[in-house]
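The values are calculated or read from the model by the stated rules, or taken from the named source; none is laboratory data. This structure is a prediction, so every number in the text was calculated from the model and none was measured. In this analysis, Cβ positions are derived from the backbone assuming ideal geometry, glycine residues included, and neighbour counts consider all displayed protein chains. In case anyone asks, the SASA skips ligands and DNA or RNA and just uses the protein heavy atoms, side chains included. Shrake-Rupley method; radii C 1.70, N 1.55, O 1.52, S 1.80 Å.
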Amino acid sequence: MSDKATINLDGASYELPVIIGTENEKAVDISKLRDQSGYITLDPGFKNTGATKSAITFLDGEEGVLRYRGYPIEQLAEKSTFIEVAYLLIYGELPSKAVLEQFRADIRKQMLIHEDMKNFFTGFPSKSHPMGQLSCLVGALSAFYPESLNPNPTDEEEDKTIINLLAKMPTIVSWIQKKSLGQPVVYPKNNLGYIENFLHMIFGEVTGETTFDPVVISAMHKLLILHADHEQNCSTSTVRIVGSSNANLYASISAGINALWGPLHGGANQAVIEMLEAIKNDGGDAEKYLAKAKDKNDPFRLMGFGHRVYKNFDPRAKIIKKACDDILEKLGVNDPVLDIAKRLEEAALNDQYFIDRKLYPNVDFYSGIIYRALGFESDMFTVLFALGRLPGWIAQWKEMRDNKEPIGRPRQVYTGATTREYVDINNR
């Protein structure tokens with residue numbers, strides 16, 4: 001195959017380099033096209049545009065493949081832990097036992113957050129959305145740790161900020177949950193692991209000890225691992241482009257949280273539960289809504305089925321389905337909404353209409369069910385998504401800085417008015 005592509009514009013030919021990735025992905029490098037020809041390319045939504053070369057996550061939607069740093073997601077979900085995967089994503093390799101223990105210890109030591117951050121909650125309206133609170137609190141960490149504002153930190157200083165954010169995120173999330181319930185916050189314990197500490201802070205009470213079933217702990221590890229990174233999506237690209245201005249890590253992640261907040265991105269698992277609630281309130285007839293989903297003239301769409309990227313199956317859904325089944329069996333939850341979910345799942349997996357169109361239950365469907373079964377309110381679902389995605393965002397921000405990528409500055413094709421003279425207000 002030629003390592004050049006040729007484009008003909010206005011009678012002139014321009015040769016553009018062809019880039020081939022390690023998984024044989026092919027791209028035409030147009031970085032010098034405007035300088036050479038005066039032309040730019042137009043690609044609304046960047047569906048065909050590679051904004052960067054990255055060594056973090058490989059995704060093949062046609063084949064249903066997802067790998068972090070070369071490791072299949074199936075192996076990581078089965079054998080690893082969330083903190084080990086976080087280290088892998090951020091630093092590129094699986095840590096040794098000693099390195100991992102030190103990483104965990106460093107995170108545990110930083111899980112407390114400044115008591116003054118409690119004052120933010122007195123200013124939030126009682127009905128304010130948890131994602132708005134999360135974005136505000138993460139961004140505010142830069143005020144409590146002003147050394148993070150240095151645009152040229154040493155590796156040690158950068159690592160300190162990374163550890164700080166990984167450590168404080170579950171504490172912040174738990175405080176948001178506790179404050180929404182009008183309950184006192186629960187502090188982390190140095191003898192607990194990352195997931196155990198998170199569950200302790202979010203479900204525990206200051207009046208007593210709380211223990212959690214290993215099935216619940218395992219499911220939380222899997223959920224966060226499966227959401228840890230997903231290549232160059234809306235929020236990840238936001239983190240990179242904000243970080244390209246030399247914005248600090250807290251500000252960049254706060255921007256990513258805001259991007260994730262959008263219902264077209266991170267709100268899918270919440271939309272699943274809202275759909276199930278609507279079906280329950282309409283009598284709970286799953287078959288009725290399956291028929292509506294098949295009717296091309298009916299605006300109803302099943303939420304949590306199919307995927308924009310994965311054309312055959314979502315590899316994450318296969319993993320989380322097992323965790324979902326284990327959770328429901330172990331907890332013995334009696335919830336009509338979850339009963340409707342199981343009926344929809346069974347029908348979709350066996351109905352030829354859905355099979356032919358590859359409308360399988362996806363990771364959002366199962367994660368929404370698990371979070372519901374564990375007792376989370378639906379408006380916390382996207383916050384939990386952000387907690388899982390945090391290591392990927394950090395890894396992408398770090399890679400962008402390590403590669404010394406230029407500040408992001410997209411072009412446009414202007415379609416507004418041409419030059420015109422100002423008209424005095426009395427003559428308009």
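Laid out as a table, the results:
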| quantity | calculated |
| --- | --- |
| Set Lys222/Lys398; Lys178/Lys318; Lys160/Lys404; Lys318/Lys404 screened for pairs whose C-alpha atoms are more than 27 Å apart | Lys178/Lys318; Lys318/Lys404 |
| Candidate aspartates and glutamates - alpha carbon under 14 Å from Lys189, same-chain residues fewer than 8 apart omitted | Asp106, Glu205, Glu209 |
| Kyte-Doolittle mean at least -1.0, axial Cα span of 15 Å or more - DSSP H helices of the chain | 97-109, 130-144, 155-181, 214-226, 249-261, 268-281, 315-331, 336-350, 363-374, 381-402 |
| Amide proton proximity set for Val28, modelled H, under 5 Å, gap of 5+ | Ile19 |
| Selected from Lys97, Lys109, Lys222 as most flexible by GNM, with the chain as the system and alpha-carbon contacts under 10 Å | Lys97 |
| Nitroxide proxy distance, nm - points 7 Å out along Cα→Cβ at Ser126 and Ala55 | 5.4 nm |
| The range 1-55 shape via C-alpha gyration tensor axes, a/c threshold 1.5 | oblate |
| Inter-probe distance in nm under a simple model that places probes 7 Å from Cα toward Cβ, at Thr418 and Glu209 | 8.0 nm |
| Cα centre as origin, Lys/Arg/Asp/Glu Cβ charges: the range 354-406 dipole, Debye | 120 debye |
| Calculated [θ] (222 nm, deg cm²/dmol) that DSSP helices of n ≥ 4 give over the chain, each run adding -39,500 (n - 2.57) | -16500 deg cm²/dmol |
| Anisotropy class of the range 270-428 from Cα gyration tensor, a/c 1.5 cut | prolate |
| Where labels lie 7 Å past Cα in the beta-carbon direction, separation of Asn150 and Arg411 in nm | 3.8 nm |
| Relative contact order (%) - criterion: Cα under 8 Å, at least six apart; region: the chain | 20 percent |
| Residue-normalised accessible area of the range 1-54, expressed per residue, 1.4 Å probe, Å² | 80 Å² |
| Segment His114-Asp295, length gained on full extension (0.36 nm per residue, minus Cα span) | 59.8 nm |
| Order of exposure, largest accessible area first, which applies to Arg104, Arg316 with probe 1.4 Å | Arg104, Arg316 |
| Fluctuation leader among Gln183, Gln412, Gln75 - the chain, Gaussian network, Cα springs under 10 angstrom | Gln412 |
| Distance from the range 266-331 to the range 167-226 (C-alpha centre basis), Å | 27 Å |
| Unit charges on C-beta of K, R, D, E only; dipole of the chain, Debye | 480 debye |
| Positive-end residue, the range 165-257 charge dipole about Cα centroid, Cβ charges, pick of Ser252, Ala167, Thr210 | Ser252 |
| Residue-span extension gain [Asp10 to Thr41] - 0.36 nm each, minus C-alpha spacing | 9.7 nm |
| Per-pair calculated FRET efficiency, R0 = 30 Å: Lys79 and Leu331 via Cβ, rounded to 0.05 | 0.75 |
| Exposed-site-free run, longest, the chain (rule: chymotrypsin sites (Phe, Trp or Tyr not before Pro); DSSP loop; at most 11 other C-beta within 10 Å) | 1-413 |
| Heavy-atom accessible surface of the range 1-98: percent carbon and sulfur, 1.4 Å | 49 percent |
| Leu349, Leu88, reordered so the largest accessible area comes first (probe 1.4 Å) | Leu349, Leu88 |
| Residue of Gly61, Gly284, Gly416 that the Gaussian network model of the chain assigns the largest fluctuation, springs spanning Cα pairs under 10 Å | Gly416 |
